[in-house]
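Input: a single structure, listed below in C-alpha coordinates.
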Amino acid sequence: MSSYKKEMDALVENILDSYRSHPEICSINTRHRLNNEIIIDLLEKIRCVVFPGFFETKTLNESFIEYHIGELLEDIQYRLTKQVTKALFHSADAPETEEEAYAAAKDIVYRFLKKIPDLRAILATDVQAAYDGDPAAFNTDEVIFSYPGVFAITVNRIAHELHILGVPLIPRIMTEHAHSLTGIDIHPGATIGSYFFIDHGTGVVIGETTEIGTGAKIYQGVTLGALSTRGGQKLRSTKRHPTLEDNVTVYSGASILGGDTVIGEGAIIGSNAFITSSVPGGTRVSIKNPELQFKDRVRMTELGQEGFWRGND
(Lines give C-alpha, C1' and ligand atoms only; values in the text may rest on other atoms or scores of the structure.)
Protein backbone atom coordinates (compact mmCIF):
# COMPACT_ATOMS: atom_id res chain seq x y z
CA MET A 1 0.00 0.00 0.00
CA SER A 2 1.38 3.42 -0.96
CA SER A 3 2.11 6.05 1.67
CA TYR A 4 -0.46 8.32 0.03
CA LYS A 5 -3.17 5.65 0.41
CA LYS A 6 -2.26 5.16 4.06
CA GLU A 7 -2.45 8.90 4.69
CA MET A 8 -5.85 9.15 3.02
CA ASP A 9 -7.20 6.16 4.95
CA ALA A 10 -6.02 7.74 8.19
CA LEU A 11 -7.62 11.04 7.24
CA VAL A 12 -10.95 9.37 6.44
CA GLU A 13 -10.88 7.55 9.79
CA ASN A 14 -10.15 10.78 11.65
CA ILE A 15 -13.11 12.47 9.96
CA LEU A 16 -15.36 9.49 10.78
CA ASP A 17 -14.23 9.77 14.41
CA SER A 18 -15.26 13.43 14.28
CA TYR A 19 -18.72 12.39 13.03
CA ARG A 20 -19.07 10.04 15.99
CA SER A 21 -17.87 12.71 18.41
CA HIS A 22 -20.18 15.45 17.09
CA PRO A 23 -23.38 13.79 15.83
CA GLU A 24 -25.32 17.02 16.40
CA ILE A 25 -23.85 18.49 13.20
CA CYS A 26 -24.37 15.39 11.07
CA SER A 27 -27.39 14.46 8.98
CA ILE A 28 -26.77 10.83 8.08
CA ASN A 29 -29.32 8.03 7.63
CA THR A 30 -32.19 10.51 7.76
CA ARG A 31 -35.20 10.45 5.47
CA HIS A 32 -36.39 13.82 6.68
CA ARG A 33 -33.76 16.19 5.33
CA LEU A 34 -35.28 19.35 3.89
CA ASN A 35 -34.32 20.60 0.44
CA ASN A 36 -33.43 24.30 0.51
CA GLU A 37 -33.58 24.67 -3.26
CA ILE A 38 -37.13 23.30 -3.39
CA ILE A 39 -38.23 25.57 -0.54
CA ILE A 40 -36.82 28.67 -2.26
CA ASP A 41 -38.43 27.63 -5.54
CA LEU A 42 -41.75 27.17 -3.75
CA LEU A 43 -41.35 30.63 -2.25
CA GLU A 44 -40.99 32.09 -5.74
CA LYS A 45 -44.06 30.16 -6.92
CA ILE A 46 -46.06 31.55 -3.99
CA ARG A 47 -44.90 35.07 -4.91
CA CYS A 48 -46.17 34.43 -8.44
CA VAL A 49 -49.60 33.62 -6.99
CA VAL A 50 -49.52 36.67 -4.72
CA PHE A 51 -48.32 39.05 -7.46
CA PRO A 52 -49.65 37.49 -10.69
CA GLY A 53 -47.92 38.66 -13.84
CA PHE A 54 -44.92 40.27 -12.15
CA PHE A 55 -42.45 37.41 -11.85
CA GLU A 56 -43.53 34.88 -14.48
CA THR A 57 -41.36 34.38 -17.54
CA LYS A 58 -44.40 34.69 -19.83
CA THR A 59 -47.15 37.28 -20.17
CA LEU A 60 -50.35 36.25 -18.41
CA ASN A 61 -53.57 36.32 -20.39
CA GLU A 62 -56.76 36.92 -18.44
CA SER A 63 -58.54 34.23 -20.48
CA PHE A 64 -56.18 31.55 -19.16
CA ILE A 65 -55.23 32.87 -15.70
CA GLU A 66 -57.61 30.44 -14.00
CA TYR A 67 -55.66 27.49 -15.43
CA HIS A 68 -52.31 29.12 -14.69
CA ILE A 69 -53.12 29.73 -11.02
CA GLY A 70 -54.63 26.27 -10.69
CA GLU A 71 -51.44 24.73 -12.04
CA LEU A 72 -49.29 26.80 -9.68
CA LEU A 73 -51.40 25.87 -6.66
CA GLU A 74 -51.31 22.18 -7.53
CA ASP A 75 -47.52 22.26 -7.73
CA ILE A 76 -47.21 24.27 -4.51
CA GLN A 77 -49.59 21.98 -2.63
CA TYR A 78 -47.83 18.79 -3.73
CA ARG A 79 -44.23 19.86 -3.12
CA LEU A 80 -44.86 21.97 -0.01
CA THR A 81 -46.76 19.09 1.60
CA LYS A 82 -43.72 16.86 1.07
CA GLN A 83 -41.38 19.44 2.64
CA VAL A 84 -43.70 20.15 5.57
CA THR A 85 -44.01 16.39 6.18
CA LYS A 86 -40.22 16.22 6.54
CA ALA A 87 -40.10 19.38 8.66
CA LEU A 88 -42.61 18.05 11.20
CA PHE A 89 -40.12 15.36 12.23
CA HIS A 90 -37.81 18.17 13.40
CA SER A 91 -40.34 19.51 15.92
CA ALA A 92 -40.31 18.83 19.65
CA ASP A 93 -43.54 16.83 19.37
CA ALA A 94 -42.63 15.00 16.18
CA PRO A 95 -45.25 12.63 14.75
CA GLU A 96 -44.75 8.92 15.31
CA THR A 97 -45.36 7.75 11.74
CA GLU A 98 -44.98 8.98 8.18
CA GLU A 99 -48.73 8.65 7.69
CA GLU A 100 -49.44 10.86 10.69
CA ALA A 101 -46.92 13.45 9.49
CA TYR A 102 -48.30 13.48 5.96
CA ALA A 103 -51.89 13.92 7.18
CA ALA A 104 -50.83 16.83 9.41
CA ALA A 105 -48.76 18.41 6.61
CA LYS A 106 -51.61 18.11 4.12
CA ASP A 107 -53.94 19.93 6.52
CA ILE A 108 -51.35 22.65 7.25
CA VAL A 109 -50.69 23.32 3.58
CA TYR A 110 -54.39 23.49 2.78
CA ARG A 111 -54.94 26.00 5.60
CA PHE A 112 -51.94 28.00 4.39
CA LEU A 113 -53.22 28.17 0.81
CA LYS A 114 -56.60 29.37 2.08
CA LYS A 115 -54.78 32.36 3.63
CA ILE A 116 -53.45 33.62 0.27
CA PRO A 117 -56.34 36.10 -0.32
CA ASP A 118 -55.70 37.58 3.15
CA LEU A 119 -51.96 37.68 2.42
CA ARG A 120 -52.63 39.57 -0.81
CA ALA A 121 -54.87 42.04 1.01
CA ILE A 122 -52.26 42.97 3.61
CA LEU A 123 -49.40 43.00 1.07
CA ALA A 124 -51.41 45.44 -1.05
CA THR A 125 -51.26 47.85 1.92
CA ASP A 126 -47.50 47.32 2.24
CA VAL A 127 -46.97 48.10 -1.44
CA GLN A 128 -49.10 51.22 -1.09
CA ALA A 129 -47.18 52.26 2.02
CA ALA A 130 -43.89 51.96 0.13
CA TYR A 131 -45.23 54.05 -2.76
CA ASP A 132 -46.87 56.67 -0.52
CA GLY A 133 -43.80 56.95 1.69
CA ASP A 134 -41.14 57.32 -0.97
CA PRO A 135 -41.21 60.32 -3.34
CA ALA A 136 -38.59 58.54 -5.47
CA ALA A 137 -41.04 55.75 -6.34
CA PHE A 138 -42.35 56.09 -9.89
CA ASN A 139 -45.33 53.76 -9.41
CA THR A 140 -46.38 50.68 -7.47
CA ASP A 141 -44.99 48.39 -10.19
CA GLU A 142 -41.52 49.72 -9.44
CA VAL A 143 -42.11 49.06 -5.75
CA ILE A 144 -43.11 45.43 -6.34
CA PHE A 145 -40.34 44.71 -8.83
CA SER A 146 -37.39 46.33 -7.13
CA TYR A 147 -37.82 47.40 -3.49
CA PRO A 148 -35.86 45.14 -1.12
CA GLY A 149 -38.12 46.13 1.78
CA VAL A 150 -41.21 44.94 -0.07
CA PHE A 151 -39.48 41.67 -0.99
CA ALA A 152 -38.42 41.05 2.63
CA ILE A 153 -41.88 41.89 3.97
CA THR A 154 -43.53 39.63 1.38
CA VAL A 155 -41.32 36.70 2.34
CA ASN A 156 -41.86 37.39 6.02
CA ARG A 157 -45.64 37.45 5.70
CA ILE A 158 -45.58 34.13 3.83
CA ALA A 159 -43.20 32.61 6.39
CA HIS A 160 -45.19 34.02 9.31
CA GLU A 161 -48.33 32.17 8.19
CA LEU A 162 -46.40 28.90 8.11
CA HIS A 163 -44.83 29.74 11.47
CA ILE A 164 -48.17 30.24 13.22
CA LEU A 165 -49.38 26.98 11.67
CA GLY A 166 -46.58 25.25 13.58
CA VAL A 167 -44.21 24.44 10.70
CA PRO A 168 -40.59 24.05 11.89
CA LEU A 169 -37.50 25.17 9.92
CA ILE A 170 -39.18 26.13 6.63
CA PRO A 171 -40.26 29.65 7.71
CA ARG A 172 -36.73 30.43 8.91
CA ILE A 173 -35.20 29.08 5.69
CA MET A 174 -37.46 31.47 3.77
CA THR A 175 -36.70 34.57 5.85
CA GLU A 176 -32.96 33.85 5.89
CA HIS A 177 -33.12 33.63 2.10
CA ALA A 178 -34.62 37.13 2.06
CA HIS A 179 -32.01 38.22 4.61
CA SER A 180 -29.17 37.01 2.38
CA LEU A 181 -30.55 38.92 -0.62
CA THR A 182 -31.59 42.18 1.07
CA GLY A 183 -29.70 42.51 4.35
CA ILE A 184 -33.09 42.69 6.11
CA ASP A 185 -33.43 40.16 8.93
CA ILE A 186 -37.05 39.63 10.05
CA HIS A 187 -37.82 36.61 12.20
CA PRO A 188 -40.94 34.78 10.98
CA GLY A 189 -42.37 34.94 14.49
CA ALA A 190 -42.59 38.75 14.47
CA THR A 191 -46.14 40.13 14.38
CA ILE A 192 -46.45 43.01 11.90
CA GLY A 193 -49.54 45.08 11.15
CA SER A 194 -50.69 46.37 7.78
CA TYR A 195 -49.32 49.32 5.77
CA PHE A 196 -45.73 48.54 6.83
CA PHE A 197 -42.80 50.17 5.05
CA ILE A 198 -39.07 49.48 5.33
CA ASP A 199 -37.18 52.18 3.42
CA HIS A 200 -33.79 51.16 1.98
CA GLY A 201 -33.61 48.41 4.57
CA THR A 202 -30.02 47.19 4.71
CA GLY A 203 -29.11 46.19 8.25
CA VAL A 204 -32.66 46.08 9.63
CA VAL A 205 -33.14 43.46 12.37
CA ILE A 206 -36.60 42.57 13.71
CA GLY A 207 -36.62 39.94 16.46
CA GLU A 208 -38.96 37.01 17.00
CA THR A 209 -41.29 38.51 19.62
CA THR A 210 -41.47 41.99 18.11
CA GLU A 211 -44.97 43.41 17.71
CA ILE A 212 -45.55 46.20 15.19
CA GLY A 213 -48.85 48.01 14.72
CA THR A 214 -50.44 49.48 11.62
CA GLY A 215 -48.70 52.16 9.57
CA ALA A 216 -45.18 51.76 10.98
CA LYS A 217 -42.20 52.97 8.98
CA ILE A 218 -38.58 52.09 9.64
CA TYR A 219 -35.33 52.92 7.90
CA GLN A 220 -32.03 51.17 7.27
CA GLY A 221 -29.94 49.94 10.18
CA VAL A 222 -32.80 49.80 12.68
CA THR A 223 -32.65 47.07 15.32
CA LEU A 224 -35.75 45.90 17.17
CA GLY A 225 -33.94 43.50 19.45
CA ALA A 226 -33.53 41.92 22.86
CA LEU A 227 -31.76 43.57 25.77
CA SER A 228 -29.73 40.42 26.37
CA THR A 229 -29.64 36.85 25.09
CA ARG A 230 -27.23 35.56 27.72
CA GLY A 231 -29.99 33.35 29.08
CA GLY A 232 -29.98 31.40 25.82
CA GLN A 233 -32.67 28.74 25.50
CA LYS A 234 -34.08 29.65 28.94
CA LEU A 235 -35.50 32.79 27.30
CA ARG A 236 -37.49 30.82 24.72
CA SER A 237 -41.17 31.82 24.60
CA THR A 238 -40.58 35.00 26.60
CA LYS A 239 -41.30 38.50 25.23
CA ARG A 240 -37.77 39.69 24.48
CA HIS A 241 -38.34 42.28 21.75
CA PRO A 242 -40.13 45.64 21.72
CA THR A 243 -43.64 46.66 20.73
CA LEU A 244 -44.25 49.48 18.25
CA GLU A 245 -47.78 50.80 18.28
CA ASP A 246 -49.59 52.29 15.26
CA ASN A 247 -47.94 54.90 13.03
CA VAL A 248 -44.50 54.80 14.65
CA THR A 249 -41.52 56.00 12.60
CA VAL A 250 -37.99 54.83 13.39
CA TYR A 251 -35.12 56.49 11.56
CA SER A 252 -31.83 54.94 10.48
CA GLY A 253 -29.45 53.38 12.95
CA ALA A 254 -31.82 53.43 15.92
CA SER A 255 -31.85 50.51 18.36
CA ILE A 256 -34.97 49.72 20.38
CA LEU A 257 -34.45 46.87 22.81
CA GLY A 258 -36.37 44.84 25.37
CA GLY A 259 -39.64 42.99 25.68
CA ASP A 260 -41.09 45.56 28.07
CA THR A 261 -40.27 48.47 25.77
CA VAL A 262 -43.36 49.97 24.13
CA ILE A 263 -43.12 52.80 21.60
CA GLY A 264 -46.45 54.62 21.77
CA GLU A 265 -48.69 55.48 18.85
CA GLY A 266 -47.35 58.15 16.52
CA ALA A 267 -43.94 58.38 18.20
CA ILE A 268 -40.91 59.32 16.09
CA ILE A 269 -37.53 57.84 16.98
CA GLY A 270 -34.58 59.74 15.53
CA SER A 271 -31.46 58.34 13.94
CA ASN A 272 -28.98 56.46 16.13
CA ALA A 273 -31.16 56.63 19.24
CA PHE A 274 -30.60 53.82 21.76
CA ILE A 275 -33.82 53.04 23.60
CA THR A 276 -34.39 50.47 26.36
CA SER A 277 -37.52 51.90 28.02
CA SER A 278 -40.99 52.82 26.83
CA VAL A 279 -41.74 56.03 24.94
CA PRO A 280 -45.16 57.73 25.23
CA GLY A 281 -47.28 58.15 22.13
CA GLY A 282 -46.72 61.29 20.08
CA THR A 283 -43.18 61.75 21.42
CA ARG A 284 -40.19 62.74 19.30
CA VAL A 285 -36.93 61.20 20.48
CA SER A 286 -33.64 62.45 19.08
CA ILE A 287 -29.98 62.61 19.97
CA LYS A 288 -28.52 66.06 20.45
CA ASN A 289 -26.34 66.88 17.47
CA PRO A 290 -22.65 66.64 18.29
CA GLU A 291 -20.66 69.83 17.79
CA LEU A 292 -19.14 70.00 14.32
CA GLN A 293 -15.75 71.55 13.57
CA PHE A 294 -14.94 73.09 10.20
CA LYS A 295 -11.32 73.71 9.27
CA ASP A 296 -9.51 75.26 6.30
CA ARG A 297 -7.19 73.00 4.42
CA VAL A 298 -3.71 74.52 4.11
CA ARG A 299 -0.81 72.79 2.41
CA MET A 300 2.17 73.21 4.69
CA THR A 301 4.84 72.75 2.05
CA GLU A 302 7.51 74.50 4.06
CA LEU A 303 7.03 71.88 6.79
CA GLY A 304 6.74 69.03 4.34
CA GLN A 305 3.32 68.11 5.77
CA GLU A 306 0.99 67.30 2.88
CA GLY A 307 -2.73 67.50 3.68
CA PHE A 308 -2.25 69.22 7.08
CA TRP A 309 -5.44 70.84 8.45
CA ARG A 310 -5.27 74.15 10.34
CA GLY A 311 -8.22 75.44 12.35
CA ASN A 312 -9.96 78.77 11.70
CA ASP A 313 -8.85 80.05 15.07
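The values are calculated or read from the model by the stated rules, or taken from the named source; none is laboratory data. Nothing here was measured: the structure is a model prediction, and the numbers come from that model. Here the Cβ positions follow ideal geometry from the backbone for every residue, glycine too, while neighbour counts run over all protein chains shown. Areas reflect the complete protein model, heavy atoms only, side chains present, ligands, DNA and RNA absent. Shrake-Rupley method; radii C 1.70, N 1.55, O 1.52, S 1.80 Å.
When ILE76 is tested against (1) touching a Lys or Arg at 6+ places or on another chain (Cβ under 8 Å); (2) open to solvent by 60 Å² or more (accessible area, probe 1.4 Å), just one condition goes unmet, and that condition is (2).
Considering only segment 266-281, state which residues are hydrophobic (A, V, I, L, M, F, W, C) and either open to solvent by less than 50 Å² (accessible area, probe 1.4 Å) or free of Cβ contacts under 8 Å to residues at least 12 places away in the same chain (or both).
So in segment 266-281, the residues hydrophobic (A, V, I, L, M, F, W, C) come out as 267-269, 273-275, 279.
Residues satisfying the conditions are ALA267, ILE268, ILE269, ALA273, ILE275, VAL279.
Taken over segment 187-223, the criterion of being hydrophobic (A, V, I, L, M, F, W, C), assigned to a loop (DSSP other than H, G, I, E, B) and more than 16 Å from VAL155 (Cα to Cα) is satisfied by ALA216, VAL222. Can you pull out the residues in segment 96-140 that are open to solvent by 70 Å² or more (accessible area, probe 1.4 Å) and over 30 Å from LYS82 (Cβ atoms)? Result: GLN128, TYR131, ASP132, PRO135, ALA136, PHE138. Among the residues making up segment 223-253, those that are touching a Leu at 6+ places or on another chain (Cβ under 9 Å) and among the aliphatic types (A, V, I, L, M) are LEU224, ALA226, LEU227, LEU244, VAL250. Annotation: GLY189 fulfils all but one of (1) under 17 Å from GLY259 (Cα atoms); (2) open to solvent by 20 Å² or more (accessible area, probe 1.4 Å); the unmet one is (2). Of the residues LEU227, LEU181, the single one that is among the aliphatic types (A, V, I, L, M) and either free of Cβ contacts under 8 Å to residues at least 12 places away in the same chain or part of a loop (DSSP other than H, G, I, E, B) (or both) is LEU227.
Looking only at residues in segment 250-262 that are within 22 Å of HIS200 (Cα to Cα) and of a type in the set (A, V, I, L, M), which one is surrounded by the most Cβ atoms within 10 Å (Cβ to Cβ)? Working first, answer last.
Taking segment 250-262 first, the residues within 22 Å of HIS200 (Cα to Cα) are 250-257.
Subset that is of a type in the set (A, V, I, L, M): 250, 254, 256-257.
Details: VAL250: 29, ALA254: 23, ILE256: 27, LEU257: 20.
Applying the filter and picking the extreme gives VAL250.
Please determine whether any residue of segment 159-166 is in a loop (DSSP other than H, G, I, E, B), open to solvent by 40 Å² or more (accessible area, probe 1.4 Å), closer than 26 Å to TYR110 by Cβ and touching a residue at least 60 places away in the same chain (Cβ under 8 Å).
The first filter runs over segment 159-166 and keeps only residues in a loop (DSSP other than H, G, I, E, B), leaving 165-166.
Among the residues that remain, those that are also open to solvent by 40 Å² or more (accessible area, probe 1.4 Å) are: 166.
Narrowing the set further to residues that are closer than 26 Å to TYR110 by Cβ leaves 166.
Next, from what is left, pick out any that are touching a residue at least 60 places away in the same chain (Cβ under 8 Å): 166.
Yes, that holds for at least one residue.
Does segment 203-224 contain at least one residue that is open to solvent by 60 Å² or more (accessible area, probe 1.4 Å) and touching a residue at least 40 places away in the same chain (Cβ under 8 Å)? No, segment 203-224 contains no residue that is open to solvent by 60 Å² or more (accessible area, probe 1.4 Å) and touching a residue at least 40 places away in the same chain (Cβ under 8 Å).
Scanning segment 49-75 for residues that are in a helix (DSSP H, G or I) and of a type in the set (A, V, I, L, M, F, W, C) yields VAL49, VAL50, PHE64, ILE65, ILE69, LEU72, LEU73.
Okay, residues lined up against (1) among the hydroxyl-bearing types (Ser, Thr, Tyr); (2) closer than 24 Å to THR81 by Cα; (3) without any contact (Cβ under 8 Å) to a residue 40 or more places away in the chain:
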| site | (1), (2), (3) |
| --- | --- |
| GLU7 | no, no, yes |
| GLU13 | no, no, yes |
| SER21 | yes, no, yes |
| ARG33 | no, yes, no |
| ILE39 | no, yes, no |
| PRO52 | no, yes, yes |
| ASN61 | no, no, yes |
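For the residues SER21, SER27, the requirement of being in contact with a Lys or Arg (Cβ under 8 Å, 6 or more places away or on another chain) and surrounded by fewer than 15 Cβ atoms within 10 Å (Cβ to Cβ) singles out SER27. Inclusion of GLN83 among residues that are under 18 Å from HIS160 (Cβ atoms), touching a residue at least 60 places away in the same chain (Cβ under 8 Å) and part of a helix (DSSP H, G or I) is warranted.
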